[in-house]
Structures are given as C-alpha cells and as structure tokens.
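Below is one structure, written out as structure tokens, with a few remarks after it.
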C-alpha cells in the first residue's frame, strides 16, 4: 500500500493506493464526473440512501460538501475518500470513515457507495480493506463500525468477507429512502484479522447492491 499527500486543502486525508485502486480526498474539480455518476446510479442507489435534496447534484451543493469535508478532516471528525480506478482515472464510488470518536472510544463509522456501472467487480472490498489499514494504522483507531439494511445481502457479505463481525440489530436506526429502517450492526477491531480478497471469479454471483 502506497501512502502520500496532496498539496491542496484536502491533503489532510492521505491518498491510499493498492493495485488498480486509489482512494483520495474529493476535490471541487470532481464535481462534473461525480454528478454524472450519481445521476446515472440514482435508481440503483435510491433504496440504500436517504432521499436526495432537490439540489443534490448542483455545483453549489457540491462546493458546500467539499467545504464540509475539509472542515471535518481538519477537526479529525471524518475522512472522506473517492474511489479512483487507476487504469483509466475514473471515479467509481465513495467511502467515508465518519463520526470519529477519540478519547476512550477511538472508533469510527464506515459508509460507502459504488456507482452502478462498477458494482459486482470487487472494487468496494478492496477499498474497505485500504480504509481499514488507514483507520487502524494512520489514525490509530481500535474499532470501525458499519451498519446495513437487513435485506442488503451484498453489503452483509462484503462486510463479513472482509472480517467484520455482526453485533446486533438497531431498530429504526436511519431514515433510508424516506422511511426509518432497522439496521444490522457490524464492527471490526484493530486486533481482528482482515481477510484477504477473494479471487475475481468469486464475485460473479454477488448482487449489485451498495451499502446504506
């Protein structure tokens, strides 16, 4: 895994690279490609995300998003990444280590999404492994949590493949697609093993469903 920094305001989050995948901080210049991918994936993502505001894909909304990202990183509250496929420099999804708790907790919550054209190709599993290396190594966290809808079988399989363990069910945990919905809670500790990636052929029958 390579680790290096950008000379811009978003450089507080190091870029992470492994094979053909790179995780780096979002930039304002990403707006057009991000908006195109999100629009193309709107129906694919709707069941797993909160309802989008009317101006969700606008440049001004994205500018506010980038400003919030920079402030959250400055305060050590969250570390957002965009997933970049190195072979063609395409933006293919996003991942965030958010809600960082220091002190006696040293924990964060993992969230992620993948664009519809890039699902079921193993990208998110590789991204989550990179993010965990960053969380436990660079950030010094001892716990990373994740939550997904009980019927999101693909996300459950992804988390369990990587090494997350199921810890329980949170009732009406998040408002997803306009409804308060239960979520299955998962976590992985810095002392837990992170499972290696499966062979590419193992992904052939995995549903194309992102995490909520």
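Quick note: the coordinates plus some simple rules give every number you see, no bench work behind them. From a predicted model like this one, the values you see are computed outputs, not experimental measurements. Heads up, the Cβs are rebuilt from the backbone with ideal geometry, glycines too, and the neighbour counts pull from every protein chain shown.
Ranked by the mean number of other Cβ atoms within 10 Å of their residues, highest first, the peptides 86-92, 133-139 come out as 133-139, 86-92. With Cα atoms defining each centre, the range 18-96 and the range 126-184 are spaced 18 Å apart in the structure.
Report the label-to-label distance for residue 40 and residue 85 in nanometres (one decimal), using points 7 Å from each Cα along the Cα→Cβ vector. Between residue 40 and residue 85, the simple spin-label model gives 0.9 nm. Within the listed set 28, 149, 141, the Gaussian network model of the chain (springs between alpha-carbon atoms below 10 Å) gives the highest mean-square fluctuation for 28. Counting DSSP beta bridges in the chain, what percent are antiparallel, to the nearest 5? So the antiparallel bridges in the chain amount to around 90 percent.
The smallest convex shape that holds all Cα atoms of the range 2-203, its convex hull, gives 126 Å³ per residue. Residue exposure proxy: 102, 74, 143, ordered by other Cβ atoms within 10 angstrom of their Cβ from fewest to most, comes out as 74, 102, 143.
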